1. Could you check the simple spin-label distance between E180 and K121, using points 7 Å along Cα→Cβ, in nm with one decimal?
2. What does the net charge come to around G30 if you take all other residues with beta carbon closer than 12 Å to its beta carbon, with K and R at +1 and D and E at -1?
3. So what is the relative contact order for region 1-137, in percent, with contacts set as C-alpha pairs under 8 Å and at least six apart?
4. Determine, from the Cβ-Cβ distance of T136 and M51 and an R0 of 22 Å, the FRET efficiency 1/(1 + (r/R0)^6), rounded to the nearest 0.05.
5. Just want the answer: with Cβ charges of +1 for Lys and Arg and -1 for Asp and Glu, which residue in L82, L27, I12 is farthest toward the dipole's positive end in region 4-89?
6. Arrange the following residues from fewest to most other Cβ atoms within 10 Å of their Cβ: W59, W28.
7. With Cβ to Cβ distances under 14 Å as the rule, what net charge do the other residues near L82 carry (K, R +1; D, E -1)?
8. Using a 10 Å cut-off around each Cβ, can you sort D14, D42, D95 from fewest to most neighbouring Cβ atoms?
Amino acid sequence: MNTILTTSLPPIPDEVRAQLHPGETLLWRGTPRQGLLLRTADWLQVPFSLMWGGFAIFWEWSVLQSGHAPGFMALWGIPFVLIGLYLIAGRFFLDARLRARTHYAVTNERVLIIGSAFGRKVKSLSLRLLPEITLTEHGAAGTIAFGAPRPGQAWFAGNRGMAWPGIEAGPAFEQIAQAEAVYELLRRAQRENM
């Protein structure tokens, strides 16, 4: 099988090279779109985060300004303010950091997703055992999701910076260029692995 879409890319990153088995052929590699992103789910998440953060900041400011509120009340509001600040802005920076440290690869045997906001996480999916593959295109980029969506995932719509413990986004090549060509490559590689 011919490699596609790699002729204009720099050499194979060490993160990907370290995961290749002897005799395994790299068919494609890529990274998600970089920088800060607004996603479809943000139409709901941004107003919610502004309401949460605004109320938490107002509460904390009111308690501090009153001068005679118990110290417990001032301490009580701090976690809510921190969560509000994360929801308003921090999640966008966490998501950007995660995408900056993520590498995707397709080999003749499997799909690799390498990266984590802190440390390193490697997910390897066998081409023979891949569940359904879904292509979603949005503008110049697209997302290829592996498997059925998990409960609660629709609310977060791939926004990994917004995810909460226990609601992990399913494996996907998020926000990649030439997503349709990569999707076709995956389907072809699956057929050849049957």
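1. So the label points at E180 and K121 sit 3.2 nm apart.
2. Every neighbour counted, the sum reads +2.
3. So the answer I get is 28 percent.
4. 0.20
5. The residue sitting most towards the positive pole is L27.
6. W59, W28
7. Spelling it out: positives minus negatives among the neighbours equals 0.
8. Ranking D14, D42, D95 by Cβ neighbours within 10 Å, fewest first, gives D14, D42, D95.
Rule-based calculations on the coordinates, nothing more; no lab input. Worth saying up front: this structure is predicted, and the values here are computed from it rather than measured. All Cβ positions, glycine included, derive from the backbone under ideal geometry; neighbour counts span all protein chains shown.
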